[in-house]
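**Q** Just dropping this structure here.
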Amino acid sequence: MLVLTRKVNQSIMIGDEIEVVVLEVRGEQVRLGIKAPRNVTVHRREIYEAIQKENLMAAQTQPEDVPTPTKQVKSAS
């Protein structure tokens, strides 16, 4: 793991297109700004892990696990 020290308004570059900027430091919280191309997804780790878990569960779904829609016919009164 690379460890860097940065101050507010300083940044780091990841490759040629991703910039991470320190916006604010308040106690134990650090606000970061991330500039990245639209085709690069950026998530907090806990959100990323939840997405991965959901994708894994969806990939394991069998056709018989999916309910088939029932067609309801309205009667004429």
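The values are calculated or read from the model by the stated rules, or taken from the named source; none is laboratory data. All values reported here derive from a predicted model rather than from experimental measurement. Just so you know, the surface numbers come from the protein's heavy atoms only, side chains and all, with ligands and any DNA or RNA stripped out. Shrake-Rupley method; radii C 1.70, N 1.55, O 1.52, S 1.80 Å.
**Q** Just to be sure before I move on: is Arg38 in a strand (DSSP E or B) and open to solvent by 90 Å² or more (accessible area, probe 1.4 Å) in the structure I sent?
**A** Details: in a strand (DSSP E or B): no; open to solvent by 90 Å² or more (accessible area, probe 1.4 Å): yes.
It is false that Arg38 is in a strand (DSSP E or B) and open to solvent by 90 Å² or more (accessible area, probe 1.4 Å).
**Q** Further question: Hey, does the range 3-18 have a residue that's open to solvent by less than 70 Å² (accessible area, probe 1.4 Å) and of a type in the set (Asp, Glu)?
**A** No, because not a single residue in the range 3-18 is open to solvent by less than 70 Å² (accessible area, probe 1.4 Å) and of a type in the set (Asp, Glu).
**Q** Applying the selection to the range 47-76, what residues are open to solvent by less than 100 Å² (accessible area, probe 1.4 Å), under 30 Å from Met13 (Cα atoms) and not small (Gly, Ala, Ser)?
**A** Ile47, Glu49, Ile51, Gln52, Asn55
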